[in-house]
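Novice: Below you will find the structure I want to go over with you.
The values are calculated or read from the model by the stated rules, or taken from the named source; none is laboratory data. Quantities reported herein were computed from a predicted structural model and do not represent experimental measurements. Cβ: placed from backbone, ideal geometry, glycine included. Neighbour counts: every protein chain shown.
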Amino acid sequence: MKKFFAGLLALVAVLIIGGAGFLAIAPPERLLVATNFAAKIVCSNSFMAGRNADEVMANDIVPIDPSLQLVTVENDDSARVTRASMLGLFASAKAVHTPGAGCRNVYDDSTAPLADAQADAGGDVQLAADINSDLQSLVENDELAGPGFRAVLVLRDGMIVAERYADGFNEKTPLLGWSMTKTVTAAIIGRLEQQGVLSRRDTGLFQPWQGDARKDISVADLLGMASGLNWDEGYAAVSDVTRLLYLEPQPAAYVLDKPLDAADGSRIGQDFNYSSGTSVALSRYWVDRLEAARATGRDLPASSQYPEQALFEPLGMKTAVIERAADAFIGGSYMYAPAREWALFGQFLLDNGRSGGEQLLPPDYVRWMFETHPASQGRYARGHMWVEPPRARDARGAPVDPALESVRWLAGHDGQSVGIIPQQNMVVVRLGQTPSKLGYRPEFLAKALIDAVN
């Protein structure tokens with residue numbers, strides 16, 4: 001028996017050593033998704049929001065999946081680089097910060113920042129306040145604010161009427177909007193349409209699509225999540241969206257290579273399929289059209305500075321950043337901005353795309369954005385935003401309270417939302433770390449606020 005167990009122990013040792021070698025040379029993609037995710041999120045929150053890396057791991061990473069406790073991260077503050085690995089040994093990952101462009105995963109030995117970014121602007125957001133005690137009491141209600149909230153802010157008539165932050169966060173903390181970024185991408189499309197650079201009706205968007213039915217996909221199809229492109233938005237495994245965000249060095253090229261669900265194009269504009277890839281494709285398209293216009297002598301900002309100079313600065317958004325990868329803005333997932341700046345963007349849409357007396361979007365564009373897309377069965381609007389309130393899976397499809405039927409929603413992963421409430425001239429921002437399994441529904445906060453002002 002001693003010889004048996006000695007032999008078994010030797011075999012186990014050989015398997016461990018062999019497995020370690022395999023993991024070091026060719027780690028499974030699932031591990032690489034985990035480490036690249038950790039590196040990216042820690043990098044952004046460390047170098048953009050000034051948060052402690054250990055605190056980000058404890059509060060933003062590990063709660064998503066207990067197995068992420070096996071990931072270790074380390075910041076190099078001088079190089080502005082975050083490195084992550086599994087148990088400090090396997091599936092090494094890296095993210096690099098560039099001032100003005102945020103963090104991006106890097107899949108080679110480079111630690112160089114993006115060369116054409118501009119420095120962070122920074123500064124205080126100028127928003128008048130007229131705190132309403134009744135409304136403030138509602139945002140102070142922990143049940144309405146929800147578990148894991150980090151910021152709740154209410155604008156009415158363009159002024160702050162209620163505002164609350166969790167410990168460790170304040171009005172200057174940039175917070176990740178996740179898929180709320182998609183609506184900002186839609187506004188950038190509208191801004192460029194107003195300047196005559198592109199149109200939501202454009203087709204024939206990319207050279208790789210010219211040889212098949214994808215040439216018939218329009219900008220409007222992409223904005224309405226009805227492109228007909230094959231896409232898996234699931235987050236439980238290595239899917240199209242996790243590959244896009246955490247495995248692909250050229251994410252836009254990855255999206256442009258996706259085929260149609262129906263090769264003849266018959267489903268373009270007909271089937272709703274929520275896809276972060278479509279937002280990256282749109283981001284690639286607007287950059288291409290902008291640079292083509294600049295090449296003809298148009299006096300327009302460079303694409304690397306366009307969101308800041310053409311949209312954010314006129315709105316008074318001083319610190320908002322849409323992060324970039326090597327070949328595209330990650331316009332479906334990665335915008336960081338303080339709660340007050342998310343509120344300013346919501347107010348901009350509430351004001352029909354006007355700011356400072358200037359019409360920045362086509363006069364009909366916001367109304368068009370708010371229209372329900374017919375392919376979505378009443379859930380999604382034409383302009384990369386939601387008609388149905390953001391809800392946990394078990395509440396989706398439930399009837400919408402009549403008081404909320406005109407509300408349109410920016411909605412993002414883990415409980416991010418901006419509710420735009422036209423009838424009460426109100427914007428409600430709620431940001432946090434709130435997985436959908438907790439069942440939080442921001443519509444209850446919005447309904448309580450509506451009832452309070454009626």
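Novice: Quick one: would you say PRO301 is within 19 Å of GLN126 (Cβ to Cβ) and modelled with pLDDT of 95 or more? Steps first, please.
Specialist: Details: within 19 Å of GLN126 (Cβ to Cβ): no; modelled with pLDDT of 95 or more: yes.
The answer is no for PRO301.
Novice: Applying the selection to the stretch 411-440, what residues are without any contact (Cβ under 8 Å) to a residue 60 or more places away in the chain and of a type in the set (Lys, Arg)?
Specialist: Selection gives LYS437 alone.
Novice: Do you know which residues across the stretch 335-348 are under 13 Å from PHE312 (Cα atoms) and not charged (D, E, K, R)?
Specialist: Residues of the stretch 335-348 that are under 13 Å from PHE312 (Cα atoms), as a first pass: 335-338, 340-348.
MET335, TYR336, ALA337, PRO338, TRP342, ALA343, LEU344, PHE345, GLY346, GLN347, PHE348, listed by residue number.
Novice: Now for a separate question. Report, by residue number, each residue of the stretch 32-87 that is acidic (Asp, Glu) and modelled with pLDDT under 95.
Specialist: Initial filter on the stretch 32-87 (acidic (Asp, Glu)): 54-55, 60, 65, 74, 76-77.
The answer is ASP65, and nothing else.
Novice: Search the stretch 145-165 for residues being in a strand (DSSP E or B) and charged (D, E, K, R), and hand back the single one that is surrounded by the most Cβ atoms within 10 Å (Cβ to Cβ). Lay out the reasoning, then the answer.
Specialist: Taking the stretch 145-165 and keeping what is in a strand (DSSP E or B), we get 149-156, 159-165.
Next, from what is left, pick out any that are charged (D, E, K, R): 150, 156, 163-164.
On the way: ARG150: 24, ARG156: 20, GLU163: 21, ARG164: 19.
Only one residue tops the list, namely ARG150.
Novice: Report yes if THR82 is over 17 Å from SER304 (Cα atoms), surrounded by fewer than 17 Cβ atoms within 10 Å (Cβ to Cβ) and in contact with a Lys or Arg (Cβ under 9 Å, 6 or more places away or on another chain), otherwise no. Show your work before the answer.
Specialist: Working: over 17 Å from SER304 (Cα atoms): yes; surrounded by fewer than 17 Cβ atoms within 10 Å (Cβ to Cβ): no; in contact with a Lys or Arg (Cβ under 9 Å, 6 or more places away or on another chain): yes.
No; evaluated as a whole, the condition is false for this residue.
Novice: When both residues are 6+ apart or on different chains and their Cβ atoms are under 8 Å apart, which pairs have a first residue that lies in the stretch 349-361 and is closer than 14 Å to LEU155 by Cβ, and a second that is modelled with pLDDT of 95 or more and of a type in the set (Ser, Thr, Tyr)?
Specialist: Note: pairs meeting the criteria are LEU349/THR183.
Novice: Mind telling me which of the residues GLY269, GLY346, GLY332, GLY297 ends up being surrounded by 21 or more Cβ atoms within 10 Å (Cβ to Cβ) and in a loop (DSSP other than H, G, I, E, B)? So that I can check it myself, show each step before the final result.
Specialist: Working: GLY269 fails: surrounded by 21 or more Cβ atoms within 10 Å (Cβ to Cβ); GLY346 fails: in a loop (DSSP other than H, G, I, E, B); GLY297 fails: surrounded by 21 or more Cβ atoms within 10 Å (Cβ to Cβ).
From the options GLY269, GLY346, GLY332, GLY297, the qualifying one is GLY332.
Novice: Among the numbered conditions (1) in contact with a Leu (Cβ under 8 Å, 6 or more places away or on another chain); (2) without any contact (Cβ under 8 Å) to a residue 24 or more places away in the chain; (3) part of a loop (DSSP other than H, G, I, E, B); (4) not acidic (Asp, Glu), tell me where MET317 comes up short.
Specialist: Status for MET317: all satisfied but (2).
Novice: Just need a number here: residues in the stretch 37-63 that are β-branched (Val, Ile, Thr) and within 17 Å of the chain's Cα centre (by Cα). First the steps, then the outcome.
Specialist: So the first thing to find is which residues in the stretch 37-63 are β-branched (Val, Ile, Thr), and the list is 41-42, 56, 61-62.
Right, trim to within 17 Å of the chain's Cα centre (by Cα) and you get 41-42, 61.
Here the count works out to 3.
Novice: Which pairs do you get when a residue that is without any contact (Cβ under 8 Å) to a residue 40 or more places away in the chain, found in the stretch 128-149, comes within reach of a residue that is part of a loop (DSSP other than H, G, I, E, B) and surrounded by 11 or more Cβ atoms within 10 Å (Cβ to Cβ), reach meaning Cβ atoms under 8 angstrom, with the pair 6+ apart or on two chains?
Specialist: Hits for this filter: ALA128/GLY158.
Residues checked against (1) more than 30 Å from SER85 (Cβ to Cβ); (2) in contact with a Lys or Arg (Cβ under 9 Å, 6 or more places away or on another chain); (3) loosely packed, with under 15 Cβ neighbours inside 10 Å:
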| residue | (1), (2), (3) |
| --- | --- |
| ASP240 | no, yes, no |
| LEU256 | yes, yes, no |
| ASP261 | yes, yes, no |
| ARG284 | yes, no, no |
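Novice: Another question, if that's okay. Any chance the stretch 121-133 includes a residue that's outside the structural domain of THR173 (by TED's automatic domain parsing) and part of a helix (DSSP H, G or I)? Reasoning before the result, please.
Specialist: Here is the first cut: in the stretch 121-133, the residues outside the structural domain of THR173 (by TED's automatic domain parsing) are 121-133.
From the residues that got through so far, the ones that are part of a helix (DSSP H, G or I) too are 133.
So far as the stretch 121-133 goes, yes, one or more of its residues are outside the structural domain of THR173 (by TED's automatic domain parsing) and part of a helix (DSSP H, G or I).
Novice: Considering each residue of the stretch 416-439, count those that are over 19 Å from the mean Cα position of the chain (by Cα) and not β-branched (Val, Ile, Thr), and give that number.
Specialist: 8
Novice: Those residues that are farther than 15 Å from ASP327 by Cβ and either free of Cβ contacts under 8 Å to residues at least 12 places away in the same chain or not in a loop (DSSP other than H, G, I, E, B) (or both), I need them from the stretch 251-265; list them, please.
Specialist: Listed by number, the list holds a single entry, LEU260.
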